[in-house]
1. With θ set to phi - 60°, apply the Karplus curve 6.51 cos²θ - 1.76 cosθ + 1.60 along region 225-234 and write out the HN-Hα couplings as whole Hz, x wherever there is a Gly or Pro.
2. Can you give me the angle between helix 121-202 and the longest principal axis of the chain, using Cα atoms only, in degrees from 0 to 90, rounded to the nearest 10?
3. Ranked highest first by average number of other Cβ atoms within 10 Å, how do 101-110, 153-162, 212-221 line up?
4. Here are a few candidate values for Rg and Dmax of the Cα atoms in Å: (i) 39.0, 131; (ii) 23.6, 75; (iii) 20.1, 69. Which one was actually calculated from the structure I just gave you?
5. Rank these for me by crowding, Ile90, Ile168, going from fewest to most other beta carbons within 10 Å.
6. Angle check, please: helix 35-57 long axis (alpha carbons) against the longest principal axis of the chain (alpha carbons), in degrees 0 to 90, nearest 10.
7. Neighbouring Cβ atoms within 10 Å as the yardstick, rank Ser167, Ser79 fewest first.
8. Quick one: check the C-alpha center-to-center distance for region 76-152 versus region 222-268, whole angstrom.
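Please treat every number below as a calculation from the coordinates, not as lab data. Worth saying up front: this structure is predicted, and the values here are computed from it rather than measured. Backbone-built Cβ (ideal geometry, glycine too); neighbour counts: all protein chains shown.
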Amino acid sequence: MATKKVKTTIITPIDEKETFVSVAKSVTEADGIPMEEKLHTLYQIQQKDTAIDTIHLQRGELPLEVQDLEAEVEGIKTSIEDLNAEIADIEKRQGQYRASIEEARNLIENYTKQQDNVKNNREYESLGKEIEYQTLEQQVCEKRIAEGQRAHDEKTEQIAVAKERLSIFEANLAEKKKELDTIIEETAAQEAVLTAEKEELAKKLDERMIVAYNRVRNAAKNHLAVVTIDRGACSGCFNQIPPQRKLDIAQGKKIIVCEYCGRILVKP
């Protein structure tokens, strides 16, 4: 007795590098949705994304300006922190030098007193050398304290200049943020509606198509992944479309991809 063969469908995994060319080979009407409707839905998603892009364009260079100002503010703050750390280190070393000077003075005083009680010239000369050494140590520490004070004053001045710059940049940042927040607030409702409509449309399509759509859209300079024919040419890259392809596009029975730019072509 012959057994009936069961036709199995092999589902291939979604590839992040997927394009409309590979999608065209796998997407069918098995889900009951006509290909023409799928293409129309994809085009509607493109229209929603284009409208969202237009909203984002209203912000102009503000997002980048805010980002640059934030980086500048953080850079100045880091610089001030580094300078303060250097000043703290200088002050610590200044304290050590002063302690060394005080120790040298005490030793000189002790050695001088001991010279009054020595029994021979050799002990006297030995104490004299110790006094000379401690005197030099004291002079070296005093020199380093003077150098440290100059460095301390320079870095203090640098901090004052940096704080002044920081104040200016923070004021500019606050102004740009306020301007950007105003624009975002004015367009937030419209963008939310468009995003919700786009997400609702995306539910009608195979995930593979959405992955390919997003990949082509992100790669295109004008962010257009689904385009129509304009005057016999792809409105994405403006290359002419062969007559047979125009006929296939008009029928809307299958996915037609521009052989030059990889965008999906749909009828107007």
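1. Here the 3J(HN,Hα) series is 10, 10, 9, 9, 8, 10, 6, x, 10, 5 Hz.
2. Here the helix axis deviates by roughly 20 degrees.
3. 212-221, 101-110, 153-162
4. Computing Rg and Dmax of the Cα atoms in Å and matching it to (i) 39.0, 131; (ii) 23.6, 75; (iii) 20.1, 69 gives (i).
5. Details: Ile90 18, Ile168 12.
The most exposed by this proxy come first: Ile168, Ile90.
6. 30 degrees
7. Values: Ser167 11, Ser79 15.
Going from least to most buried by this count: Ser167, Ser79.
8. Spelled out, the Cα-based centre of one part sits 84 Å from the other.
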